[in-house]
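One structure below.
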Amino acid sequence: MHAAFVGEGKLVRVVFGLIGGGTLLISVSLFAQGGLAPPGAPAPTMKTLQQIEPRTPISSLPFNILTSGSYYVTTNLTGVSGSDGITVFVSGVTIDLGGFSLTGATNGSSENAIDCTFSNVVVMHGILKNWTLSGIEAGSANFIRVQDVIASGNGATGFRLGSYAILEHCTAHHNGANASAQHGIQAADGSIVRDCIVTAQNGSSSDGISASRSIIQNCTITGNKSTNGVGIAASAQSIIENCVIAGNSGATNYVGIFANIGCSIKGCIISQNSGDGIQASANCSVLENTCSSNGGDGIHTLGSGCRIDGNHLTGNSGRGIRLFSSNTSIVIRNTATGNIGGDFPAVGSNIGPVQTPSTGASPWANFTF
């Protein structure tokens with residue numbers, strides 16, 4: 001047997017003895033693998049808790065937010081009498097309710113689930129119920145965003161938001177505790193309310209949604225019993241589109257939509273409310289809506305300069321269309337039938353001819369059948 005080793009990283013030859021009179025030669029090439037000394041202590045490979053969950057937990061109420069950042073609720077929480085649930089004292093905050101509920105104290109007085117006077121705040125994913133005041137009170141805060149939140153059984157307005165708010169995919173149920181002049185949802189100038197539901201808003205003169213210079217889209221207002229209430233109350237220069245306001249049976253005069261000066265109402269279904277379907281003030285566009293079986297008029301203008309175009313009006317207890325005064329608005333291409341007070345206003349210079357479908361020839365005709 002013979003072995004030969006030649007320097008680090010060079011050929012190493014090992015020769016073993018004879019087998020059966022011959023010679024067995026095995027050659028192995030080995031190369032240097034570097035020094036054997038360790039490079040130093042190993043670096044940490046695990047992430048910190050803050051890296052994994054870079055948010056602050058909320059695990060009890062009341063809770064005050066004093067630092068901008070992201071917060072999350074860890075479980076269902078119940079408030080303490082005399083204190084708001086979560087109070088935001090700083091801008092730039094996100095609150096993730098995590099699908100949990102914030103519930104007001106059973107003996108509470110004058111508390112909101114979330115109270116905020118600072119701007120740029122997001123609240124999402126949870127339930128705010130049984131507080132003596134509002135689910136969210138942020139009427140003096142701007143740029144608030146609320147997503148996927150239910151406000152239920154609160155003593156005042158469900159959601160009260162300041163200017164330039166966005167509220168979407170939210171539900172307001174039986175807020176106001178039957179008190180007067182409350183709202184399911186209230187938002188100030190420049191806001192967007194979309195894909196929301198308001199129901200069981202029962203206090204007198206209460207609104208489902210109240211907004212000004214805002215966009216309200218794809219919302220459902222139903223099952224409210226407010227005497228002299230309004231499904232959607234829009235202040236000047238608002239857009240209301242593709243909403244359903246139906247089955248609101250206040251003892252008297254539950255108006256489906258009230259639109260102030262210069263609003264646009266389009267593509268809505270307003271049905272079986274105890275008052276007028278739509279009340280529109282001056283310079284409004286009322287286009288392609290269906291108003292049926294309301295306790296008052298289908299469409300009632302409260303000012304001049306409106307365009308009433310392409311609506312369908314059936315079975316209302318008042319008129320299909322009632323104008324503020326004759327020849328002060330344009331009325332064209334509407335269809336109407338079975339309205340107890342009459343289908344259309346008296347013919348005037350701004351009103352398309354009223355015809356039956358079989359005799360109609362004018363492209364501006366209003367049809368009765």
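Considering only strands (runs of 3 or more DSSP E) fully contained in the stretch 143-239, which possess at least 1 residues that are touching a residue at least 24 places away in the same chain (Cβ under 8 Å), within 13 Å of the chain's Cα centre (by Cα) and under 18 Å from ALA113 (Cβ atoms)? Can you show your working first?
Details: elements: 144-152, 159-161, 166-168, 171-173, 183-187, 192-194, 197-199, 207-211, 215-217, 220-222, 230-234.
Result: 144-152, 159-161, 166-168, 171-173, 183-187, 197-199.
Go through the stretch 318-348 and count every residue that is under 16 Å from GLU288 (Cα atoms) and of a type in the set (Lys, Arg).
Of the residues in the stretch 318-348, 1 are under 16 Å from GLU288 (Cα atoms) and of a type in the set (Lys, Arg).
State all residues of the stretch 115-142 that are over 17 Å from SER210 (Cα atoms) and under 14 Å from the mean Cα position of the chain (by Cα); if no residue qualifies, say none.
VAL122, VAL123, MET124, HIS125, GLY126, ILE127
Looking at (1) of a type in the set (Val, Ile, Thr); (2) within 18 Å of HIS169 (Cα to Cα); (3) free of Cβ contacts under 8 Å to residues at least 12 places away in the same chain, which is the one condition that is false for ILE52?
The failed condition is (2).
Restricting the search to the stretch 310-337, which residues are assigned to a strand (DSSP E or B), of a type outside the set (Ser, Thr, Tyr) and surrounded by fewer than 24 Cβ atoms within 10 Å (Cβ to Cβ)?
Our first condition is that a residue be assigned to a strand (DSSP E or B); within the stretch 310-337, this holds for 312-314, 321-322, 330-332, 335-337.
Filter again for of a type outside the set (Ser, Thr, Tyr), leaving 312-313, 321-322, 330-332, 336.
Selection gives HIS312, ARG322, ILE330, ILE332.
Tell me, please, whether a residue that is assigned to a loop (DSSP other than H, G, I, E, B), over 31 Å from the mean Cα position of the chain (by Cα) and assigned by TED's automatic domain parsing to the domain that holds ALA365 can be found in the stretch 270-279.
Of the stretch 270-279, the ones assigned to a loop (DSSP other than H, G, I, E, B) are 272-277.
Filter again for over 31 Å from the mean Cα position of the chain (by Cα), leaving none.
No - not one qualifying residue is present in the stretch 270-279.
Being charged (D, E, K, R) and touching a strand residue (DSSP E or B) at 6+ places or on another chain (Cβ under 7 Å) is the filter here, so list the residues in the stretch 204-227 that pass it.
If the condition is that a residue be charged (D, E, K, R) and touching a strand residue (DSSP E or B) at 6+ places or on another chain (Cβ under 7 Å), then ASP207 is the only one that fits.
For the stretch 197-235, enumerate the residues that are basic (Lys, Arg) and on the phi < 0 side of the Ramachandran plot.
LYS225
Given the criteria closer than 28 Å to GLU288 by Cβ, in contact with a Lys or Arg (Cβ under 7 Å, 6 or more places away or on another chain) and crowded, with 24+ Cβ neighbours inside 10 Å, does GLN237 qualify?
Here the answer is no, as GLN237 does not meet what is asked.
Enumerate the strands (runs of 3 or more DSSP E) found wholly within the stretch 59-100, keeping only those where 2 or more residues are buried (at least 17 other Cβ atoms within 10 Å of the Cβ), among the aliphatic types (A, V, I, L, M) and under 20 Å from the mean Cα position of the chain (by Cα).
93-96
Does the stretch 298-309 hold any residues that are in a loop (DSSP other than H, G, I, E, B), surrounded by fewer than 24 Cβ atoms within 10 Å (Cβ to Cβ) and not hydroxyl-bearing (Ser, Thr, Tyr), and which are they? Reasoning before the result, please.
Within the stretch 298-309, the first condition is being in a loop (DSSP other than H, G, I, E, B), and the residues that meet it are 298, 302-306.
Retained after the next criterion (residues that are surrounded by fewer than 24 Cβ atoms within 10 Å (Cβ to Cβ)): 302-305.
Within the stretch 298-309, LEU302, GLY303, GLY305 meet the criteria.
Among the candidates GLY250, GLY295, GLY256, single out the residue that is on the phi < 0 side of the Ramachandran plot and outside any loop (DSSP other than H, G, I, E, B).
Going through GLY250, GLY295, GLY256 in turn, the sole match is GLY256.
The values are calculated or read from the model by the stated rules, or taken from the named source; none is laboratory data. Source: prediction; values computed, not measured. Glycine also receives a Cβ, built like all others from the backbone with ideal geometry; neighbour counts cover every protein chain displayed.
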